[in-house]
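The values are calculated or read from the model by the stated rules, or taken from the named source; none is laboratory data. What you see is a predicted model; the values in this text were computed from it and never measured. Glycine gets a Cβ as well: all are built from the backbone with ideal geometry, and neighbour counts include every protein chain shown.
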Amino acid sequence: KAPRASVILMPGGSGAIAAGDHGDIHGLNFNQLVRTRNAYAARGLAVLVVDAGTPLSAAVAYMAAIKRPVTVIATSRGTIRAAEGIAGGARPDALVLTSGLLSPESGSGQNVESILGSPAALPRTLVIHHRQDGCKLTLPAGVDPFVKWSAGRARVVWVSGGTDQGDPCEAGAHHGFNGQDGQVVGIAAGFR
């Protein structure tokens, strides 16, 4: 009823959440951001989970009308969509990148650094990354080069532990912070 701030959650994978008519979500339910959306709301935040086709600038404007500051929290391939939105003119107050495709050293030619081109476009940014992320597109080796490239706009919080199951690029692995939702939500929700 009286949020202290707003967050826009951008899930990974296809980004297709298959939203229903009443705000229910039928796709990507195990994605780390989708499965923790209520935990963000419980921390006093207005929460919007966006579908892959949603223009980020429109989402930021919508949430800004509810409560500023507006923080975009994106995970995995959602970090690419967040970077594309920012490059296209979206202006969130802050950005949290979890398990991100950050730099060429992350393992992907398409990454936040290459999309933005210059750190000048980057809002205040927090990177949350698992030390044992085994996904070939979000390797931990990509984090420090991204933070250096950011020219002081980004900092990192490393996470360790949890459960590692299944495909290394999916939500059940360290990539999806399996077993660490409370810790990750606490870090992301506390970023100002």
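Residues that are buried (at least 17 other Cβ atoms within 10 Å of the Cβ) and at positive phi were ranked within the stretch 152-192; the one that is nearest to the chain's Cα centre (by Cα) is Phe177. Within the option set Thr79, Thr71, being among the polar types (S, T, N, Q), closer than 20 Å to Leu139 by Cα and in contact with a strand residue (DSSP E or B) (Cβ under 6 Å, 6 or more places away or on another chain) holds for one residue only, Thr79. For the condition out of contact with any Lys or Arg (no Cβ under 9 Å at 6 or more places or on another chain), at pLDDT 95 or above and of a type in the set (Gly, Ala, Ser), what is the one hit in Gly109, Gly117? Answer to the check: Gly117.
Among the criteria (1) modelled with pLDDT of 95 or more; (2) farther than 19 Å from Ala173 by Cβ, the one Gly23 does not fulfil is (1).
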